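Notes for the one structure printed next.
The values are calculated or read from the model by the stated rules, or taken from the named source; none is laboratory data. The model shown is predicted, which means the values in this text are computed figures rather than measured ones. Cβ placement follows ideal geometry from the backbone for every residue including glycine, while neighbour counts extend to all protein chains displayed. With ligands, DNA and RNA removed, areas are computed over all heavy atoms of the protein, side chains included. Shrake-Rupley method; radii C 1.70, N 1.55, O 1.52, S 1.80 Å.
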Amino acid sequence: IHWGDDCAEATALIVGAYRASNHRHERLLRALPPVLVVEEDAEVCGWLETAAADAARLTAGSQALMDRLLDWALVCTLRSWFDGAGADAPSWYRGLSDPVLSPALHAFHERPTEAWTVASLAARAGVSRALFAKRFTRLMGRPPLAYLTQCRMDEAEVLLADTDLSIARIGTSVGYADAFGFSAAFKRHKGLSPRAFRAAAAGTPLPQAEAPCGPEEAVGQDGG
């Protein structure tokens, strides 16, 4: 930030930090380099400098202004970075930016427990089932139902690691009718039962019956 008058000028660097208390941020962080630089045009930077300079004066409401300013800057920076990355942007960003896939993805993420099918997602997108499946697989790197299952398993991981909800409740919240079906699907995709995964995330010893499967068993489950 640069401001001043004819007599004196000052330059200040604003540093912001976000504290992550659970696993939800990991998917985003994995898509980012250790350091990224995004340049904006003079008009955008001018507005940002004016708002930041006002917040830095520590007048009434300045902290609230700074908090919102950092949120705005973070979102705009990430969008600019991913837009510039093109085909190298993460698949979930490309999908949400695509006019065909976006309505279906938003519908799924808003109602993950619904019994979605390729046909119902294609209807949300307003295209044929075949076109939707082909476009989805090309942009997202996997078929629609494989993506839905992966999202449900990722959400289950977060709930198992960061909450004390029961296995049955977590299964229901990610779209499974009962704990048995959820546990079987989770172990097939993650190689651990939900109980074993939760124990590992908490750093507690695993009961012998809940020990992780070996490489050979894991391959057999993934192939099934």
Legend entry - First in the range 127-155 and under 18 Å from Ser102 (Cβ atoms), second anywhere and of a type in the set (A, V, I, L, M) and part of a loop (DSSP other than H, G, I, E, B), Cβ under 9 Å, 6 or more apart: Val127/Val100; Leu131/Val100; Phe132/Val100; Arg135/Val100; Arg135/Val127; Phe136/Val100; Leu139/Val100; Cys151/Val174
Inset, instruction - Considering every residue within the range 80-96, establish whether at least one is open to solvent by less than 60 Å² (accessible area, probe 1.4 Å), more than 18 Å from Gln150 (Cβ to Cβ), among the aromatic types (Phe, Trp, Tyr) and in contact with a helix residue (DSSP H, G or I) (Cβ under 6 Å, 6 or more places away or on another chain). - result: yes
Inset, instruction - Considering every residue within the range 54-75, establish whether at least one is surrounded by fewer than 16 Cβ atoms within 10 Å (Cβ to Cβ), closer than 24 Å to Glu39 by Cα, modelled with pLDDT under 90 and among the small types (Gly, Ala, Ser). - result: no
Legend entry - Residue in the range 157-203 that is most open to solvent (accessible area, probe 1.4 Å), counting only those that are over 19 Å from Glu114 (Cα atoms) and not in a helix (DSSP H, G or I): Asp164
Inset, instruction - Considering each residue of the range 139-156, count those that are open to solvent by less than 40 Å² (accessible area, probe 1.4 Å) and polar (S, T, N, Q), and give that number. - result: 1
Inset, instruction - For the range 132-153, state whether one or more residues are at positive phi and not in a helix (DSSP H, G or I). - result: yes
Legend entry - Test result for Ala123, open to solvent by 60 Å² or more (accessible area, probe 1.4 Å) and in a loop (DSSP other than H, G, I, E, B): no
Legend entry - Hits in the range 107-120 - residues which are open to solvent by 70 Å² or more (accessible area, probe 1.4 Å), touching a residue at least 24 places away in the same chain (Cβ under 8 Å) and not in a helix (DSSP H, G or I): Thr113, Glu114, Ala115
